[in-house]
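These notes are about the structure you will find just below.
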Amino acid sequence: MTPEITPPQCDACTTPLKLIPAGTSKRTFKDYEAFWACPNNRECGGKTQKYVPPKPKITPDSPQQVADNINKDVKTINALKIVRENLDSVIKYLEK
Ligand SMILES: [Zn+2]
């Protein structure tokens, strides 16, 4: 599965750029890396842009997310405590 790539826009005509795969120049016989080029390059004069391959995203939880998760856990524990207290009082009532 290839990650989805959003093409950047041409800085001259705002058309989504076309990805030119890496290859060898037929004129200079030099290898070039993949890059983005405007489909209207000749007319609009937009510049090519360097293609940066997408990296798999592994974002660790931010401190805020960690805090939020802990808060959720604390809320769950508190809710369970209340349920238990309620059950205790029901049991006490039934035992009377
Ligand atoms: Zn353009």
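Read-outs: derived from the displayed coordinates by stated rules, not from any lab. Keep in mind that what you see is a predicted model, and the values were worked out from it rather than measured. Note: ideal-geometry Cβ built from the backbone for every residue, glycine included; neighbour counts use all protein chains shown.
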field: Residues of the stretch 56-76 satisfying the condition of being among the hydrophobic types (A, V, I, L, M, F, W, C) and loosely packed, with under 10 Cβ neighbours inside 10 Å
entry: 58
- prompt: Within the bounds of the stretch 39-48, is there any residue that is surrounded by 12 or more Cβ atoms within 10 Å (Cβ to Cβ) and in contact with a strand residue (DSSP E or B) (Cβ under 6 Å, 6 or more places away or on another chain)?
  reply: yes
query: Can you tell which of 59, 76 is without any contact (Cβ under 8 Å) to a residue 40 or more places away in the chain, part of a helix (DSSP H, G or I) and either out of contact with any Pro (no Cβ under 6 Å at 6 or more places or on another chain) or more than 28 Å from residue 7 (Cα to Cα) (or both)?
result: 76
statement: Log entry, pairs with first residue in the stretch 35-46 being touching a residue at least 12 places away in the same chain (Cβ under 8 Å), second being among the hydroxyl-bearing types (Ser, Thr, Tyr) and near the ligand (Cβ under 9 Å from one of its atoms), beta carbons closer than 8 Å, six or more apart or on different chains, reads 38/15; 39/15; 40/15; 44/15; 46/15
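Say whether the condition of being away from the ligand (no atom under 16 Å from the Cβ), closer than 19 Å to residue 16 by Cα and of a type in the set (A, V, I, L, M, F, W, C) is met by at least one residue in the stretch 73-93. Lay out the reasoning, then the answer.
So the first thing to find is which residues in the stretch 73-93 are away from the ligand (no atom under 16 Å from the Cβ), and the list is 73-93.
Subsequent filtering for residues that are closer than 19 Å to residue 16 by Cα retains none.
Looking for residues that are away from the ligand (no atom under 16 Å from the Cβ), closer than 19 Å to residue 16 by Cα and of a type in the set (A, V, I, L, M, F, W, C), one finds none in the stretch 73-93, hence no.
Restricting to the stretch 15-32, what's the tally of residues that are surrounded by 12 or more Cβ atoms within 10 Å (Cβ to Cβ) and assigned to a loop (DSSP other than H, G, I, E, B)? Spell out how you get there, then give the answer.
Filtering the stretch 15-32 down to residues surrounded by 12 or more Cβ atoms within 10 Å (Cβ to Cβ) leaves 15-20, 32.
Filter once more, so that each one left must be assigned to a loop (DSSP other than H, G, I, E, B): 15, 17.
Residues flagged as surrounded by 12 or more Cβ atoms within 10 Å (Cβ to Cβ) and assigned to a loop (DSSP other than H, G, I, E, B) within the stretch 15-32 amount to 2.
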